[in-house]
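Chemist: The structure under discussion is supplied below as structure tokens; questions concerning it will follow.
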Amino acid sequence: MAVATATKPQALTEDLGRHRSEWRMAWRRFRANRLAVIGLMVIGLLVLMALFAPFLTAQDPNFQYQGMRGVAPSLEHPFGFDYNGRDLFARVIYGSRVALTVGLLATGIAVVIGIVVGALAGYFGGWVDTLLSRMVDTLMAFPILALLIVLSAVIGPSLWTTVVVIGATGWARFARVVRADVMSLKQQDFVVAARAVGVRDWRIIWRHLLPNVLGPVIVLASLGIGGIIILEAALSFLGLGVPPPTPSWGRILADGRPHLLRYPHIAFFPGLMIVITVLVFNFVGDGLRDALDPRQRAD
Amino acid sequence: MIPYLTRRTLQGILVIWLISVATFVMMRLMPGDPVYLLLGEGEIRITQEQIDAIRRRWGLDRPYHEQYLIWAWNLLRGDFGDSLIRVGVPVRDMIFEAVPVTAKLNLIALAIALVVAIPSGILAAVRRNSFFDYLTAVGATLGVALPNFWLALMLIVLFVLYVPRWIGELPLVGRIPPFGLPGWQGYILPVLVLSTEQMAVLARVMRASTIEALGTDYVRTAYAKGLPRLTVILRHAVRNALLPVVTVIGYRIAFILSGTIVVETVFALPGIGRLFTDSVMRLDYQVVQSLVVLLAVLVVAANLLTDLAYAFVDPRIRIE
């Protein structure tokens, strides 16, 4: 008994040490990926841009200049004006707030629901698994944009509708991954042992299983943010996202569409921002995959 | 095989049933009373008796579960009801009109995507880290990050504004119409947009699976037998590497349908996607709920077929 109590703290610190160095090794692998590091820096800049939008441009994104309808880019107004005479640079800068809010929050909601559903289905199996897995199948069997269009129309389009609806429909992928991992992990000795000494179910899930599935979930989430930003833009583009006059990239694009052939710059700039944002999130996602999940490495 | 088939089909039916229930509930939650929608906007002078008569005529006076059963039973018989907006036009006719446009667009786009993606995926895998591999990677990365609605608008600007200015009318094609479908030229831009993302995804999958196949024992054996390189690559590696591509196409059908909704709307093409967005905007419940269930059936069927095809092509996959 005395031996057991003596070794326990030692094992614990050793465990902590290994844990920490694992994340440090992952960070080293991540740093080796140049695109991922650049991506992370650009994301940092985008976040700063969204937070400090008023310091980057003195223009009010909703102010309509008289007689400036569709005026082309100039030094003072680098992106020009939209059809209503509003400064496009300001609108695009403020638009990053919507894109990042929806991209990050909706992903967060989807991850949380996905982890809970996946862990329950994988750990308990049986009818719980059957029920939850059919829910996952149902969500996956749906062209997600069609579902979003109907739901936004039902609830009424707004920023929060968009966030909640995308989050509440996007969790199926996470649930599927977590379920599969939990199912294979719960057969392993350390879980069987924990159960044998009487650790409660929720504690096993929380302390033993979830830390082990976190890697793949982080990878999947980071790779999914770009897609969600595109979804939000598509929804706003179709008029079912964030309602006007709030500037969102999809909305600005949609505003530019009727005047596309006379003022192509209106639709050009917000789209360019979407592409850059999606690209950098994908770069970081690829870097995280290489860092956290070496088995799944691209080549 | 038979028990597996039965189980998978039953699961598919269950999923479709769940979707039909969810759709029915969502449609009842939509804002606006269908009766007033039927009557149209403006000042309405109508007695309570007349409203009740319309409710009875449409079965809206019955309890919800009965309404659902009647609707579901009619769906099963292929009777989707009449459009609420285009009064008197059966929803089935509207869908039949739209399907060929969507089918043509997406099948041509898929064919083009495959023709480009498979050879470039193979070449990129065989010549790893070459300039071509690098080029494919850049193309695939960009192809996934380009929102299709923006790509569509930029292609319209390019082909309608700049191409005529720079090189005049294109040989064989002439002028490309930006909206609608006058002639086959109307398909060029939407097909280009739809195939871009497919191309990017499929080239990536093809490259990865070819690399994996090239590292296997049977490829080494084929080389050891003294087979020429081309034979080994085409007959041994590529044939096996194609399998994941088939699977990815099958599982991507839900994404493909999402893409077609946007692209048809941008180009004003009278396909399923356009019909869907228009019906949601006009609150034409009858059309929306039929389309949603139909799309779900399509995706479930495609996923089931993919699984079966996979099991059929690859005998190593044991079906439990």
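The values are calculated or read from the model by the stated rules, or taken from the named source; none is laboratory data. Worth saying up front: this structure is predicted, and the values here are computed from it rather than measured. We place every Cβ from the backbone using ideal geometry, glycine too, and count neighbours over all the protein chains shown. Ligands, DNA and RNA are stripped out before the accessible areas are found, and what is left, the full protein with its side chains, is counted by its heavy atoms. Shrake-Rupley method; radii C 1.70, N 1.55, O 1.52, S 1.80 Å.
Chemist: Just give me the residues in region A:150-193 being surrounded by fewer than 17 Cβ atoms within 10 Å (Cβ to Cβ) and more than 30 Å from A:Gly250 (Cβ to Cβ), in sequence order. Before you say what the answer is, go through the steps one by one.
Modeler: If we filter region A:150-193 for residues that are surrounded by fewer than 17 Cβ atoms within 10 Å (Cβ to Cβ), which is where we start, we get A:156, A:158, A:160, A:164, A:168, A:180, A:183-184, A:187-190, A:192-193.
Hits for region A:150-193 are A:Ala180, A:Met183, A:Ser184, A:Gln187, A:Gln188, A:Asp189, A:Phe190, A:Val192, A:Ala193.
Chemist: Scan region A:29-49 and tell me whether some residue there is open to solvent by less than 30 Å² (accessible area, probe 1.4 Å), within 19 Å of A:Pro270 (Cβ to Cβ) and at pLDDT below 80.
Modeler: No, there is no match, as no residue in region A:29-49 is open to solvent by less than 30 Å² (accessible area, probe 1.4 Å), within 19 Å of A:Pro270 (Cβ to Cβ) and at pLDDT below 80.
Chemist: Could I ask something else about it? Hand me the list of helices (runs of 4 or more DSSP H) wholly inside region B:225-320 holding 2 or more residues that are open to solvent by 20 Å² or more (accessible area, probe 1.4 Å), more than 14 Å from chain A (Cβ to nearest Cβ) and out of contact with any Cys (no Cβ under 6 Å at 6 or more places or on another chain). Explain how you work it out, then say what you get.
Modeler: Working: elements: B:239-251, B:253-267, B:272-281, B:285-313.
So the answer is B:239-251, B:285-313.
Chemist: Mind checking whether some residue in region B:208-219 is in contact with a strand residue (DSSP E or B) (Cβ under 9 Å, 6 or more places away or on another chain) and either assigned to a loop (DSSP other than H, G, I, E, B) or open to solvent by 30 Å² or more (accessible area, probe 1.4 Å) (or both)? Can you show your working first?
Modeler: Of region B:208-219, the ones in contact with a strand residue (DSSP E or B) (Cβ under 9 Å, 6 or more places away or on another chain) are none.
No; the residues of region B:208-219 include none that is in contact with a strand residue (DSSP E or B) (Cβ under 9 Å, 6 or more places away or on another chain) and either assigned to a loop (DSSP other than H, G, I, E, B) or open to solvent by 30 Å² or more (accessible area, probe 1.4 Å) (or both).
Chemist: How many residues are out of contact with any helix residue (DSSP H, G or I) (no Cβ under 8 Å at 6 or more places or on another chain) and not hydrophobic (A, V, I, L, M, F, W, C) when one looks only at region A:210-226? Give the steps one after another, and end with the answer.
Modeler: Step one: list which residues in region A:210-226 are out of contact with any helix residue (DSSP H, G or I) (no Cβ under 8 Å at 6 or more places or on another chain), which gives A:211, A:214.
Narrowing further to those that are not hydrophobic (A, V, I, L, M, F, W, C): A:211.
The total comes to 1.
Chemist: Just one of (1) more than 25 Å from A:Ile109 (Cβ to Cβ); (2) at pLDDT 85 or above trips up A:Gly198, so point out which.
Modeler: Every condition holds for A:Gly198 apart from (2).
Chemist: Determine, yes or no, whether B:Val160 is more than 8 Å from every other protein chain (Cβ to nearest Cβ) and surrounded by 14 or more Cβ atoms within 10 Å (Cβ to Cβ). Let's see the steps before the verdict.
Modeler: Details: more than 8 Å from every other protein chain (Cβ to nearest Cβ): no; surrounded by 14 or more Cβ atoms within 10 Å (Cβ to Cβ): yes.
Here the answer is no, as B:Val160 does not meet what is asked.
Chemist: Please state which of the following conditions B:Trp150 fails to meet, knowing it meets all the rest: (1) within 11 Å of another protein chain (Cβ to nearest Cβ); (2) under 21 Å from B:Ile261 (Cα atoms); (3) in contact with an Asp or Glu (Cβ under 9 Å, 6 or more places away or on another chain).
Modeler: In the conditions (1) within 11 Å of another protein chain (Cβ to nearest Cβ); (2) under 21 Å from B:Ile261 (Cα atoms); (3) in contact with an Asp or Glu (Cβ under 9 Å, 6 or more places away or on another chain), B:Trp150 misses (3) alone.
Chemist: Related question: Would you confirm whether any residue within region A:137-157 is assigned to a helix (DSSP H, G or I) and either away from chain B (no Cβ under 14 Å) or touching a strand residue (DSSP E or B) at 6+ places or on another chain (Cβ under 6 Å) (or both)?
Modeler: no
Chemist: Hey, A:Ala121 hits all of (1) within 14 Å of another protein chain (Cβ to nearest Cβ); (2) touching a helix residue (DSSP H, G or I) at 6+ places or on another chain (Cβ under 9 Å); (3) among the hydrophobic types (A, V, I, L, M, F, W, C) but one; which does it fall short on?
Modeler: (1)
Chemist: Among the residues of region A:239-277, how many are within 8 Å of chain B (Cβ to nearest Cβ), over 21 Å from the mean Cα position of the chain (by Cα) and in contact (Cβ under 8 Å) with a residue 60 or more places away in the chain?
Modeler: 2
Chemist: Same structure again: Using beta carbons and a limit of 8 Å, which pairs, at least six apart or on different chains, have the first residue in region B:9-22 and at the interface with another protein chain (Cβ under 8 Å from one of its Cβ atoms) and the second one among the charged types (D, E, K, R)?
Modeler: Listed by first residue and then by second, the contacts come to B:Gln11/A:Arg134; B:Gln11/A:Asp137; B:Leu14/A:Arg134; B:Val15/A:Arg134; B:Val15/A:Asp137; B:Leu18/A:Arg134.
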